[in-house]
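The structure appears below as structure tokens.
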Amino acid sequence: MDTYDQPRSLASPIDLCAAIDAAVTAAHAGAAILQSYAHRRSDLVIDRKARNDLVSQADREAEDAIIQELQARTPKFGIVAEETGGKAQGAATWYIDPLDGTTNFLHDIPHYAVSIALIAHAGSAVSADETLAEDTPVVGVVYDPSREELFTAVHGLGAWLNGRRIQCSLTQTIEDAVLATGFPFRDFSFAAQYMPMLHDAINRARGVRRMGAAALDLAWTACGRYDGYWEMGLAPWDVAAGTLILREAGGACSDMHQQDPWPIGGRVVAGNRAIERALHEMIAPHLDKKD
């Protein structure tokens, strides 16, 4: 009987080393396709999925390359990808964003990334001694091909930038912090909640930045370039890898409503532990209660 048909507690632990190797290889494969289009963007065929929600053949071809690599090396894991969909299944599921920062890419702004994460499901073993009680990001890769910066993390082992271990900043207050965020651009249903949050942040923080790629916002927070980050209206694949990278860098990355085990609902609050707590306190008065 296939191990994934057995109770997960009886299955072999997920091989996280093999998974991170597969994710890095897949990220490079996807990024190679993006960069092949980077100097001939005028040739791209661009489709409009919704207002300010664009997709090009660069996204689709990069996603195909990533999926092919991951299916070949980890065939029993589920896959959820931005352009082709999918579903969570098995002991773990890959969450793939082949091009986070599509608008930047299409406008020749060199700030975009490939994001790949493995979410191990509740009941799955990740070592001989640890079985997860809830869904948990266990492998994360965010690759910025313009800067050739590769952010990686493995559950329980740490986070790295190009092989060098990284950690969050030590900033303790919002008044001393540089924060990252993302404005409503596609879904404006939460704008009435978000705008007072932005107002408070602008008036309190040392600075607020909006760069347009959530995966890199999280990765940059993990390595201390930003002290904290919050955003609403994202998708699971935008934040899955960055969540783990930030957590393994000593920070905290949580669901804005503090209900889900990771920000699968796309409302994220992140930073070093002091700033993440302070952001929750700043945001809470403006946040509608979750249904």
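Table for the structure above
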{"read-out": "Sole residue being of a type outside the set (Asp, Glu), open to solvent by 10 Å² or more (accessible area, probe 1.4 Å) and assigned by the TED database to the domain that holds Arg40, chosen from Ala113, Ala128", "value": "Ala128"}
{"read-out": "Any strands (runs of 3 or more DSSP E) falling wholly within the stretch 152-210 and containing at least 2 residues that are open to solvent by 20 Å² or more (accessible area, probe 1.4 Å) and out of contact with any helix residue (DSSP H, G or I) (no Cβ under 7 Å at 6 or more places or on another chain)", "value": "none"}
{"read-out": "Tally of residues being in contact with a strand residue (DSSP E or B) (Cβ under 8 Å, 6 or more places away or on another chain) and closer than 19 Å to Ala214 by Cα across the stretch 170-201", "value": "10"}
{"read-out": "Yes/no for Ala284 being without any contact (Cβ under 8 Å) to a residue 40 or more places away in the chain, in a helix (DSSP H, G or I) and more than 21 Å from Val154 (Cα to Cα)", "value": "yes"}
{"read-out": "Scan of the stretch 64-97 for residues that are among the acidic types (Asp, Glu) and either closer than 20 Å to Leu16 by Cβ or touching a residue at least 40 places away in the same chain (Cβ under 8 Å) (or both), ordered by number", "value": "Glu69, Glu82, Asp97"}
{"read-out": "Residue list for the stretch 260-291, restricted to those being open to solvent by 40 Å² or more (accessible area, probe 1.4 Å) and in contact with a Gly (Cβ under 8 Å, 6 or more places away or on another chain)", "value": "Arg267, Arg273"}
{"read-out": "Selection count where residues are under 23 Å from Thr25 (Cβ atoms) and part of a loop (DSSP other than H, G, I, E, B), scope the stretch 128-151", "value": "4"}
{"read-out": "Residues within the stretch 57-94 that are open to solvent by 10 Å² or more (accessible area, probe 1.4 Å), of a type in the set (S, T, N, Q) and under 22 Å from Asp15 (Cβ atoms), tallied", "value": "4"}
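The values are calculated or read from the model by the stated rules, or taken from the named source; none is laboratory data. This structure is a prediction, so every number in the text was calculated from the model and none was measured. Here the Cβ is made from the backbone with ideal geometry for all residues, glycine too, and neighbour counts use every protein chain on show. All accessible areas refer to the heavy atoms of the entire protein, side chains included, with ligands and DNA or RNA removed. Shrake-Rupley method; radii C 1.70, N 1.55, O 1.52, S 1.80 Å.
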